[in-house]
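Only one structure is covered here, and it is reproduced in the block below.
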(Lines give C-alpha, C1' and ligand atoms only; values in the text may rest on other atoms or scores of the structure.)
Protein backbone atom coordinates (compact mmCIF):
# COMPACT_ATOMS: atom_id res chain seq x y z
CA UNK A 1 0.00 0.00 0.00
CA UNK A 2 1.43 3.35 -1.06
CA UNK A 3 0.35 5.09 2.14
CA UNK A 4 2.13 2.49 4.26
CA UNK A 5 5.34 3.02 2.30
CA UNK A 6 5.10 6.77 2.84
CA UNK A 7 4.41 6.18 6.54
CA UNK A 8 7.52 4.01 6.89
CA UNK A 9 9.43 6.71 5.06
CA UNK A 10 8.55 9.28 7.71
CA UNK A 11 7.81 7.33 10.89
CA UNK A 12 10.30 6.68 13.65
CA UNK A 13 13.91 7.87 13.37
CA UNK A 14 13.28 9.33 9.91
CA UNK A 15 11.11 12.06 11.40
CA UNK A 16 14.17 13.47 13.11
CA UNK A 17 15.57 14.48 9.72
CA UNK A 18 14.33 18.03 9.24
CA UNK A 19 13.47 17.76 5.53
CA UNK A 20 11.17 14.76 5.81
CA UNK A 21 8.16 16.39 7.53
CA UNK A 22 7.94 18.67 4.51
CA UNK A 23 7.56 15.62 2.28
CA UNK A 24 4.05 14.86 3.56
CA UNK A 25 3.03 18.49 3.00
CA UNK A 26 4.11 18.33 -0.65
CA UNK A 27 2.39 14.99 -1.18
CA UNK A 28 -0.86 16.13 0.48
CA UNK A 29 -1.11 19.49 -1.30
CA UNK A 30 -3.17 18.09 -4.22
CA UNK A 31 -5.74 16.79 -1.71
CA UNK A 32 -6.52 20.30 -0.46
CA UNK A 33 -6.60 21.67 -3.99
CA UNK A 34 -9.18 18.97 -4.75
CA UNK A 35 -11.18 19.96 -1.66
CA UNK A 36 -11.34 23.54 -2.91
CA UNK A 37 -12.38 22.44 -6.40
CA UNK A 38 -15.15 20.21 -5.02
CA UNK A 39 -16.84 23.37 -3.75
CA UNK A 40 -15.58 26.05 -6.12
CA UNK A 41 -14.87 24.03 -9.26
CA UNK A 42 -18.20 24.88 -10.86
CA UNK A 43 -17.70 28.55 -10.02
CA UNK A 44 -14.14 29.19 -11.22
CA UNK A 45 -15.18 31.98 -13.63
CA UNK A 46 -17.35 33.72 -11.05
CA UNK A 47 -14.67 33.49 -8.35
CA UNK A 48 -11.96 34.83 -10.66
CA UNK A 49 -14.06 37.92 -11.41
CA UNK A 50 -14.47 38.81 -7.73
CA UNK A 51 -12.20 41.53 -6.27
CA UNK A 52 -9.46 40.41 -3.92
CA UNK A 53 -7.44 43.36 -2.62
CA UNK A 54 -9.41 46.32 -3.96
CA UNK A 55 -12.46 45.65 -1.76
CA UNK A 56 -12.07 45.39 2.01
CA UNK A 57 -15.02 43.04 2.49
CA UNK A 58 -13.98 40.63 -0.25
CA UNK A 59 -10.33 40.69 0.76
CA UNK A 60 -11.33 39.71 4.30
CA UNK A 61 -13.35 36.75 3.02
CA UNK A 62 -10.53 35.62 0.72
CA UNK A 63 -8.05 35.94 3.60
CA UNK A 64 -10.26 33.78 5.85
CA UNK A 65 -10.56 31.11 3.15
CA UNK A 66 -6.87 31.13 2.35
CA UNK A 67 -5.70 31.00 5.97
CA UNK A 68 -8.11 28.19 6.79
CA UNK A 69 -6.86 26.05 3.92
CA UNK A 70 -3.23 26.91 4.66
CA UNK A 71 -3.47 26.04 8.36
CA UNK A 72 -5.49 22.89 7.62
CA UNK A 73 -2.84 21.71 5.16
CA UNK A 74 -0.02 22.32 7.65
CA UNK A 75 -1.77 20.93 10.75
CA UNK A 76 -3.02 17.81 8.99
CA UNK A 77 0.51 17.13 7.78
CA UNK A 78 1.91 17.49 11.29
CA UNK A 79 -0.75 15.23 12.81
CA UNK A 80 -0.51 12.65 10.02
CA UNK A 81 2.48 10.90 11.57
CA UNK A 82 0.46 10.18 14.72
CA UNK A 83 -3.02 9.71 13.26
CA UNK A 84 -1.85 6.96 10.88
CA UNK A 85 -4.43 7.85 8.25
CA UNK A 86 -3.87 7.60 4.48
CA UNK A 87 -2.31 10.54 2.66
CA UNK A 88 -5.49 11.00 0.63
CA UNK A 89 -8.47 10.66 2.97
CA UNK A 90 -11.86 12.35 2.58
CA UNK A 91 -12.19 12.80 6.32
CA UNK A 92 -9.58 15.58 6.10
CA UNK A 93 -12.40 17.76 4.77
CA UNK A 94 -13.29 18.48 8.41
CA UNK A 95 -10.34 20.86 8.61
CA UNK A 96 -11.69 23.16 5.88
CA UNK A 97 -15.46 22.92 6.36
CA UNK A 98 -15.61 26.45 7.82
CA UNK A 99 -13.84 27.87 4.77
CA UNK A 100 -16.29 26.10 2.47
CA UNK A 101 -19.14 28.11 3.99
CA UNK A 102 -17.25 31.30 3.11
CA UNK A 103 -16.66 30.08 -0.45
CA UNK A 104 -20.40 29.56 -0.86
CA UNK A 105 -21.01 33.07 0.52
CA UNK A 106 -18.54 34.52 -1.97
CA UNK A 107 -20.48 32.79 -4.72
CA UNK A 108 -24.00 33.86 -3.74
CA UNK A 109 -23.31 37.30 -2.21
CA UNK A 110 -23.76 39.38 -5.36
CA UNK A 111 -25.00 36.71 -7.75
CA UNK A 112 -28.25 36.81 -9.69
CA UNK A 113 -29.87 33.87 -7.97
CA UNK A 114 -32.82 33.84 -10.39
CA UNK A 115 -30.71 32.83 -13.38
CA UNK A 116 -31.13 29.25 -14.56
CA UNK A 117 -27.37 28.77 -14.84
CA UNK A 118 -26.90 29.82 -11.21
CA UNK A 119 -29.59 27.42 -10.02
CA UNK A 120 -28.04 24.50 -11.90
CA UNK A 121 -24.56 25.21 -10.56
CA UNK A 122 -25.78 25.80 -7.03
CA UNK A 123 -27.78 22.59 -7.12
CA UNK A 124 -24.68 20.74 -8.31
CA UNK A 125 -22.63 22.21 -5.46
CA UNK A 126 -25.22 21.16 -2.87
CA UNK A 127 -25.31 17.67 -4.37
CA UNK A 128 -21.51 17.36 -4.05
CA UNK A 129 -21.67 18.46 -0.41
CA UNK A 130 -24.51 16.03 0.32
CA UNK A 131 -22.66 13.09 -1.25
CA UNK A 132 -19.48 13.89 0.69
CA UNK A 133 -21.41 14.13 3.97
CA UNK A 134 -23.08 10.77 3.32
CA UNK A 135 -19.79 9.09 2.41
CA UNK A 136 -18.01 10.33 5.54
CA UNK A 137 -20.87 9.92 8.02
CA UNK A 138 -21.94 6.47 6.75
CA UNK A 139 -18.56 4.92 7.52
CA UNK A 140 -18.63 2.65 10.58
CA UNK A 141 -16.13 3.33 13.32
CA UNK A 142 -12.72 1.68 12.79
CA UNK A 143 -12.18 -1.57 14.63
CA UNK A 144 -9.68 -0.06 17.03
CA UNK A 145 -12.54 1.62 18.91
CA UNK A 146 -14.05 -1.77 19.79
CA UNK A 147 -10.78 -2.64 21.50
CA UNK A 148 -10.73 0.72 23.28
CA UNK A 149 -14.27 0.21 24.55
CA UNK A 150 -13.57 -3.27 25.92
CA UNK A 151 -10.43 -2.08 27.68
CA UNK A 152 -12.30 0.88 29.14
CA UNK A 153 -14.98 -1.45 30.52
CA UNK A 154 -12.67 -4.10 31.99
CA UNK A 155 -9.62 -2.24 33.27
CA UNK A 156 -9.54 -0.94 36.83
CA UNK A 157 -7.93 2.33 37.91
CA UNK A 158 -4.17 1.91 38.18
CA UNK A 159 -3.95 -1.12 35.87
CA UNK A 160 -0.88 -1.15 33.62
CA UNK A 161 -1.47 -1.25 29.87
CA UNK A 162 1.41 -2.05 27.52
CA UNK A 163 0.88 -0.41 24.12
CA UNK A 164 2.26 -1.78 20.87
CA UNK A 165 1.84 0.01 17.55
CA UNK A 166 -0.71 2.58 18.73
CA UNK A 167 -0.22 6.25 19.67
CA UNK A 168 -0.24 6.63 23.45
CA UNK A 169 -2.14 9.92 23.39
CA UNK A 170 -4.87 8.34 21.25
CA UNK A 171 -5.24 5.45 23.70
CA UNK A 172 -5.36 7.80 26.68
CA UNK A 173 -8.06 9.96 25.08
CA UNK A 174 -10.28 7.00 24.17
CA UNK A 175 -9.69 4.74 27.17
CA UNK A 176 -9.07 7.25 29.95
CA UNK A 177 -6.29 8.75 32.07
CA UNK A 178 -6.96 6.50 35.06
CA UNK A 179 -4.66 3.74 33.75
CA UNK A 180 -0.88 3.52 33.55
CA UNK A 181 0.42 3.29 29.99
CA UNK A 182 3.83 1.88 29.07
CA UNK A 183 5.52 0.87 25.85
CA UNK A 184 5.29 -2.83 25.08
CA UNK A 185 8.54 -4.76 25.22
CA UNK A 186 9.05 -8.53 25.53
CA UNK A 187 8.82 -9.48 29.18
CA UNK A 188 6.97 -6.32 30.20
CA UNK A 189 4.92 -6.57 33.38
CA UNK A 190 1.45 -5.33 32.51
CA UNK A 191 -2.16 -6.18 33.26
CA UNK A 192 -3.19 -5.67 29.64
CA UNK A 193 -1.52 -5.52 26.24
CA UNK A 194 -3.11 -3.30 23.59
CA UNK A 195 -1.70 -3.98 20.14
CA UNK A 196 -2.35 -3.11 16.50
CA UNK A 197 -0.87 -6.47 15.44
CA UNK A 198 -3.80 -8.88 15.32
CA UNK A 199 -1.53 -11.82 14.45
CA UNK A 200 0.70 -11.43 17.53
CA UNK A 201 0.66 -13.94 20.39
CA UNK A 202 1.58 -13.12 23.98
CA UNK A 203 2.48 -16.01 26.31
CA UNK A 204 0.85 -15.58 29.71
CA UNK A 205 -1.96 -13.46 28.27
CA UNK A 206 -5.41 -14.37 26.95
CA UNK A 207 -7.14 -12.55 24.09
CA UNK A 208 -9.88 -10.39 25.57
CA UNK A 209 -11.22 -8.64 22.47
CA UNK A 210 -10.24 -7.58 18.98
CA UNK A 211 -11.57 -4.99 16.59
CA UNK A 212 -11.54 -5.28 12.80
CA UNK A 213 -12.14 -2.47 10.33
CA UNK A 214 -14.72 -3.93 7.97
CA UNK A 215 -14.83 -1.16 5.37
CA UNK A 216 -11.14 -0.43 4.78
CA UNK A 217 -10.41 1.05 1.34
CA UNK A 218 -6.85 1.76 0.28
CA UNK A 219 -6.22 5.49 0.27
CA UNK A 220 -9.71 6.37 1.51
CA UNK A 221 -10.56 4.49 4.69
CA UNK A 222 -7.62 3.31 6.78
CA UNK A 223 -7.46 -0.07 8.45
CA UNK A 224 -7.33 0.73 12.17
CA UNK A 225 -7.39 -2.65 13.93
CA UNK A 226 -6.45 -3.52 17.49
CA UNK A 227 -6.58 -6.34 20.02
CA UNK A 228 -6.64 -6.41 23.82
CA UNK A 229 -4.86 -9.14 25.75
CA UNK A 230 -5.36 -9.70 29.48
CA UNK A 231 -2.79 -11.26 31.79
CA UNK A 232 -3.74 -14.75 32.92
CA UNK A 233 -3.70 -15.04 36.75
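The values are calculated or read from the model by the stated rules, or taken from the named source; none is laboratory data. Computed from a prediction, not measured in an experiment: that's the story for all the values here. Here the Cβ is made from the backbone with ideal geometry for all residues, glycine too, and neighbour counts use every protein chain on show.
A few comments on the model shown:
- Test: residue in the range 86-93 that is over 22 Å from residue 231 (Cα atoms), over 20 Å from the mean Cα position of the chain (by Cα) and not in a loop (DSSP other than H, G, I, E, B): no
- Residue within the range 92-99 that is more than 25 Å from residue 214 (Cα to Cα), surrounded by fewer than 17 Cβ atoms within 10 Å (Cβ to Cβ) and modelled with pLDDT of 85 or more present: yes
- Residue list for the range 52-69, filter: touching a helix residue (DSSP H, G or I) at 6+ places or on another chain (Cβ under 9 Å) and either modelled with pLDDT of 85 or more or in a helix (DSSP H, G or I) (or both): 58, 61, 62, 64, 65, 66, 67, 68, 69
- The residue of the range 148-182 that is surrounded by the fewest Cβ atoms within 10 Å (Cβ to Cβ), among those that are part of a helix (DSSP H, G or I) and in contact with a helix residue (DSSP H, G or I) (Cβ under 6 Å, 6 or more places away or on another chain), is 152.
- Residues that are closer than 17 Å to residue 225 by Cβ and within 21 Å of the chain's Cα centre (by Cα), drawn from the range 164-196: 164, 165, 166, 167, 170, 171, 174, 175, 195, 196
- Verdict on residue 79 being part of a loop (DSSP other than H, G, I, E, B), surrounded by fewer than 16 Cβ atoms within 10 Å (Cβ to Cβ) and either assigned by TED's automatic domain parsing to the domain that holds residue 107 or in contact with a helix residue (DSSP H, G or I) (Cβ under 9 Å, 6 or more places away or on another chain) (or both): no
- Of all residues in the range 105-147, those satisfying the criterion of being in contact with a strand residue (DSSP E or B) (Cβ under 7 Å, 6 or more places away or on another chain) and in a loop (DSSP other than H, G, I, E, B) are 139, 143.
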